[in-house]
Each structure stands twice: as structure tokens, then as C-alpha cells.
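Read through the structure below, which is laid out as C-alpha cells, and then see the notes.
The values are calculated or read from the model by the stated rules, or taken from the named source; none is laboratory data. Please read all numbers here as calculations on a predicted model, not as lab measurements. Glycine also receives a Cβ, built like all others from the backbone with ideal geometry; neighbour counts cover every protein chain displayed. Ligands, DNA and RNA are excluded from the accessible area calculation, which covers all protein heavy atoms including side chains. Shrake-Rupley method; radii C 1.70, N 1.55, O 1.52, S 1.80 Å.
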Number of protein chains: 2
Amino acid sequence: MCDEAKRDPAERLRQMTARLKERGHRLTPQRLAILRILAESRGHPSVEDIHKALLKDFPTTSLATVYKTITRLKDENEVLELEFSDLANRYDGNTPTPHPHAICTRCGAICDPDTPPLEELAKLVADRTGFRITSHRLDFYGLCPKCQEQDG
Amino acid sequence: MCDEAKRDPAERLRQMTARLKERGHRLTPQRLAILRILAESRGHPSVEDIHKALLKDFPTTSLATVYKTITRLKDENEVLELEFSDLANRYDGNTPTPHPHAICTRCGAICDPDTPPLEELAKLVADRTGFRITSHRLDFYGLCPKCQEQDG
DNA sequence: GCGTTATGGATAATGATTATCCTGAAAGAA
DNA sequence: TTCTTTCAGGATAATCATTATCCATAACGC
Ligand SMILES: [Mn+2]
Ligand SMILES: [Mn+2]
Ligand SMILES: [Zn+2]
Ligand SMILES: [Zn+2]
């Protein structure tokens, strides 16, 4: 259903740990576990999702620790945040650069469709508005295949 | 700086009032005032913005009334909501169908750049993901012209 | 190992949005 | 106009994801 190509969780984990280390962040067991969860997950987990998965290996981990680590990763541009005002934010640790998403409005599934890049359009908008554009967000909302089935 | 063409606040106000009326909503003075503010504003106001403007004519209006009216307008597809998790949502009452936005990450300015439509891309994503796509959102983030000046 | 200091855990605070409750106004009928 | 019904407004409490705070402790360079 969604783009699963070019995924290499182990390599991505190495990348993230190396970058955090070289920028002076400490590599605690909790932090490593969170990085692993992010590298291995493909569903754009929420902080709560990450926390739940984390409790299996580290039963005493605080939710605050997950929030703090996510903030860290955002600052280092190692995770992409998808903001929502009415439900929990979601995170992509595999591809931290902006890219389009297909989002199910019923079950909350989020996936990464393979699409042509938006750089040209961004340039066009920059020219017409005078903005110095540094980032973007493109979401497509609708029903995922599973939720369509349930409708009959 | 942004697209100001084809704006006709008076006509848009007529549209909105007519549609609310024919769908059985009562046209109270407060509601009409909120519709007027939305039709005339071009900066994508927040609920608080609308409320502040409203207080000039209706000094006793509750913030809850603005929230309720916005919810109503969303249900009737007469306003487009731009969600943010870390700051107040913003609203476009002029063009309630999805369209791209340029958003200043420093001062919060939001404007409507004139861009080619995304229907083709939406269709492409629908084909590749199996989603039944009903809506979308495209934001470009960066610094608006004014905020660029302040940097020197 | 030691000392320094960032980090984890627990919990309180924040703030936009929503829910609740009751009074009063809008709209339609007579 | 008056009456009646139901919807909407005002005030305020509740919600809930996210941040802030505080202190004990673990990480890492030496
Ligand atoms: Mn993604
Ligand atoms: Mn707009
Ligand atoms: Zn779904
Ligand atoms: Zn600006």
C-alpha cells in the first residue's frame, strides 16, 4: 500500500546514533531504545506509541523522557514532525526531510507515497510571494484501503 | 506579496449567510458579525483574532461563541481550518476549499499564493496508495518579506 | 574511579479547545 | 402581535497533549 523501498532500519539507527554522539549528546539506554523504535517503525508513531513500545524493555521510562528525546531529535533534524491540533503529533524517524503523506481520517494510518519532488513548486511560490522558503508540508487526507472495506 | 485578486467580501458574505440560512441555522447578530469578519479578513485570523475584532461591535461576546460558530462553519464547509499543534489554528473564510499557503515561521503571517492545482498529484497518490483522497493540505514555511528585512 | 554535568523520572503547569448548563433570543405558526 | 419551541449565547469548568520544573543519578571524559 505504501512505499516500503529503501528502508534499512539498522543503517538508519547507526546514522542517528552517530550524529547525536558527534554533537555531544549522551547515549543513554533509553535514548538508544527510542532511536531504535523510530528507525524500525514505519507507521509514523505518536509519542504515546513510542512510549508504549519502550515500556517493554524499559518499564520505568517516563513519558517526559520520550518528549525530551523527540525535541532533541527535532533540533538535530533527525526526525520529521507532523503536527495536528486535535490529536497527538506523529513522527517520521526514517525520512526526516519534508515529504508528502497520505493520512487516513478514520483510523489515523499515515504512509509515505512515492511522489515527484516539490522543489519547483516551492521555487514558484518563493518567487510569487517573496518568502524565503525553508520547508514545506503536503498531506493528502482520505480513507485508507482497510477503512474503505469496512464501509462496504 | 500575496494573491489579492478575485476578492469580493460583500459577495462572499452573502454566500455564507445564504447557505447557513438554507441549512436551517439561525442568523444572530453575533453570527453575522463573525461572518463579516471572516469575509473581510485576508490574513487567516485565529479564533482570538476574530474574537478581538468582534468585541468592537459586540463587547459582551464570549470566546465560546466564536469557537461554536467556527465549528458550525467547518461542518458546512464554509471555512478552511489550518491546524497547528503549538499555536492557535487559523481560518480562511474566503476560500474554504483546500489551497496552498505560505506561512512565516517568525511572525505567523499566512498568505495565499497563486499556484497550479494539485488534482493530478492527488490522483497519483490515490492510485499508488489505494487511499480514497478527499482533501489535502500544502504549506510552505519560511520567512515573509518583512521578516527578511529585519535580519539585514 | 572521580567529578562534572547532562539526563531521567515524577509531577505540576500551560493553553488552546471542548463540554456543560442555563438563560434568552430567533423564527415560525396562529 | 403573541405564543411556543428550539436553537444559540454567555460564563465557566473540564480536557488533554505538550512543557516546565526539580532533584537524584547515570554518562562520559579525564
Ligand atoms: Mn513519512
Ligand atoms: Mn487561504
Ligand atoms: Zn484507515
Ligand atoms: Zn514574517
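Answer yes if at least one residue in segment A:3-15 is more than 16 Å from ligand 2 (Cβ to nearest atom), surrounded by 14 or more Cβ atoms within 10 Å (Cβ to Cβ), under 15 Å from the mean Cα position of the chain (by Cα) and within 14 Å of chain B (Cβ to nearest Cβ), and no otherwise.
Yes, there is a match, as at least one residue in segment A:3-15 is more than 16 Å from ligand 2 (Cβ to nearest atom), surrounded by 14 or more Cβ atoms within 10 Å (Cβ to Cβ), under 15 Å from the mean Cα position of the chain (by Cα) and within 14 Å of chain B (Cβ to nearest Cβ).
Regarding A:K68, is this residue away from chain B (no Cβ under 12 Å) and over 14 Å from the mean Cα position of the chain (by Cα)?
Spelling it out, A:K68 is indeed away from chain B (no Cβ under 12 Å) and over 14 Å from the mean Cα position of the chain (by Cα).
So which residues in segment A:122-152 are part of a helix (DSSP H, G or I), more than 7 Å from chain B (Cβ to nearest Cβ) and either in contact (Cβ under 8 Å) with a residue 12 or more places away in the chain or open to solvent by 40 Å² or more (accessible area, probe 1.4 Å) (or both), if there are any at all?
Listed by number, the residues that qualify are A:K123, A:D127, A:K146, A:C147, A:E149.
With at pLDDT below 95 and farther than 19 Å from A:R137 by Cα as the only criterion, which of A:R14, A:R7 stands out?
Matching residue, one of A:R14, A:R7: A:R7.
In segment B:105-121, what count of residues is obtained for those that are more than 7 Å from chain A (Cβ to nearest Cβ) and either under 16 Å from the mean Cα position of the chain (by Cα) or hydrophobic (A, V, I, L, M, F, W, C) (or both)? Spell out how you get there, then give the answer.
Going residue by residue through segment B:105-121, those that are more than 7 Å from chain A (Cβ to nearest Cβ) are B:105-110, B:112, B:116-120.
Checking which are either under 16 Å from the mean Cα position of the chain (by Cα) or hydrophobic (A, V, I, L, M, F, W, C) (or both) leaves us with B:107-110, B:112, B:118.
Result for segment B:105-121: 6.
Only one residue in B:L138, B:L118 is away from ligand 1 (no atom under 16 Å from the Cβ) and under 14 Å from A:F140 (Cα atoms), so which one is that?
B:L118
Is it the case that segment B:36-54 has a residue that's outside the structural domain of B:P113 (by TED's automatic domain parsing), hydrophobic (A, V, I, L, M, F, W, C) and more than 19 Å from B:N89 (Cβ to Cβ)?
no
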